[in-house]
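Have a look at the structure below, then the notes.
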Amino acid sequence: MVLAAVLSMLRYVAGSDDRDFVDRLHSYFTCNILIGLSVLVSFKQFGGKPIECLVPDTFTSSWEQYAENYCWSQDTYFIPMGQAVAGLDGAYKRQRKISYYQWVPFFLLISAACFRLPSLIWKYMAGHSGIKIHEVVRLSSDPNNIKPDIKRANIKSLTVHLQGALRFHRRLHRKQIRPHKFFWLFNLPYSAFFVTSMYLFTKFFYLANVCLQLLLMNKFLETDKYYMYGLGAVWDLVNGTTWQQSGVFPRVSLCDFDVRVMGNVQEHTIQCVLVINIFNEKIFIFLWFWYLMLVVFTAGSFLYWLFVSLIPYPNQRFINRHLEMSEMPFDPIESAGDVEKFIDSFLKTDGVFVIRMLTLQSGVIFGTDLVQALWVSFFGIENKLKRSNSLPGIQEQQPVYWPPPPLSVAEQAKRNQDENALRMRKALGANIENSMMAQDLLEKMTYIPKQQQQARVLMMRKREMEDELYGAVVKPDVNDEEHQSLLDKDTEV
């Protein structure tokens with residue numbers, strides 16, 4: 001039961017794979033290493049004897065236990081063996097004090113939490129975007145993708161999801177909708193670069209955290225002798241300098257304590273062995289160089305993602321490479337304009353980022369199939385839009401105004417005169433069903449000729465296809481009933 005709980009906790013710490021290898025070095029490997037080292041030191045501290053002191057022969061076993069517990073909890077201080085202890089003032093002893101060894105397990109646990117925190121922030125912030133990148137990566141990494149039917153279904157689902165999310169961002173941009181009027185920063189989740197910017201922020205957080213950990217290590221170990229602890233330790237090792245000379249992680253230290261005997265206070269100075277410092281020295285040397293490696297890798301990873309997010313050329317080259325590997329015929333030179341339009345009008349920054357991350361986790365083959373599906377979907381709608389622009393009703397008709405402009409005074413008077421004449425003839429019993437005057441009047445009373453009605457319907461359909469392609473919703477200046485009546489009339493025709 002305990003083992004199952006530990007494994008479930010490790011699976012939670014591992015999290016999802018919606019990040020690159022450098023991110024996992026921070027949030028998974030480093031976090032688990034620090035937790036393991038903390039457990040190791042805790043076993044030695046609380047399960048063994050981290051300190052052993054040399055006490056006078058007059059001390060009983062209980063006094064010896066008391067002295068060791070006191071010196072462990074109240075710190076010790078280091079004085080080189082060749083230096084006399086008698087006559088040293090309290091200020092000098094406080095300057096040579098060693099107080100970090102009790103707190104090493106807690107320091108390591110706090111460091112582990114700091115390395116895990118950026119990934120939790122990334123997971124939380126990315127979940128507030130329309131692009132559910134965690135679910136996208138999970139679906140693309142489905143082990144059942146080895147089955148062709150399931151793979152095609154997953155690619156279709158991802159294509160529909162990305163189309164909807166990207167179209168939503170474009171629609172807000174085209175209509176210039178700002179959900180938050182005053183706090184403009186809250187509008188960032190509705191932009192087409194929110195996921196990318198959050199990932200870059202997480203990368204910077206990783207880099208800042210590991211640099212801070214190096215500084216905190218120097219401060220925690222109180223190694224004022226070294227500006228950079230790891231390099232100083234290596235320099236001492238090369239020069240043959242031991243802990244007796246450097247005073248860094250000393251194995252032997254001194255402890256002062258008082259004992260009240262028969263109303264008198266007796267002062268004692270005893271010598272103690274800090275066995276735990278043998279482990280601490282190796283642990284912190286390893287961690288220092290591990291952190292230094294993380295600084296180099298994280299800085300390179302941050303600059304890479306910043307470059308591919310801000311510079312257009314890497315994105316165009318990335319899409320070209322995948323389209324060349326796809327099943328459809330593709331010439332990067334002839335299709336350069338189409339690729340640029342595909343990126344600028346459809347994918348935008350977040351779309352390319354998601355495809356990059358998905359390819360990184362699921363492989364080039366799955367990423368190529370998804371790019372091909374998005375390409376076919378985008379230009380399929382684009383071709384429909386081009387065909388709608390070539391229809392005669394769109395090209396030949398003059399602009400249609402809805403509702404129509406009001407009649408002039410003379411036109412309204414002529415219309416009223418014709419209506420009165422028609423009513424008078426009908427009252428006299430004349431047959432006006434086939435009257436040329438009646439037909440002419442009905443034609444004049446029509447607000448929009450049938451030819452313009454057809455053009456109006458075609459324009460509405462064109463706008464709907466533009467919305468599907470670009471996310472731009474252009475609302476007609478009519479209500480729903482009038483819109484439906486036009487569609488019904490077009491159906492009758």
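Panel order for Arg251, Arg19, by other beta carbons found within 10 Å of each beta carbon, from fewest to most: Arg251, Arg19. Distance between the 7 Å Cα→Cβ label points at Phe21 and Glu64: 5.4 nm.
By count of other Cβ within 10 Å, fewest leading, how are His134, His26 ordered?
Numbers: His134 16, His26 26.
If I rank by nearby Cβ atoms, fewest first, I get His134, His26.
In plain terms, the chain from Arg317 to Ala413 could stretch by 27.8 nm, reckoned as 0.36 nm per residue minus the Cα-Cα distance.
Would you mind getting me the FRET efficiency between Val364 and Asn32? Use the beta-carbon distance for r and R0 = 25 Å, nearest 0.05. Kindly include the intermediate steps, with their values, before the conclusion.
Details: r = 29 Å, r/R0 = 1.18.
Calculated value: 0.25.
Just rank Ile150, Ile79, fewest to most, by other beta-carbon atoms within 10 angstrom. Walk me through the numbers before you get to the answer.
Details: Ile150 13, Ile79 19.
Ascending number of Cβ neighbours within 10 Å: Ile150, Ile79.
Quick note: the coordinates plus some simple rules give every number you see, no bench work behind them. As the structure is a prediction and not an experimental result, all values here were calculated from the model. A quick note on method: Cβ atoms are made from the backbone with ideal geometry, for glycine too, and the neighbour counts reach across all protein chains shown.
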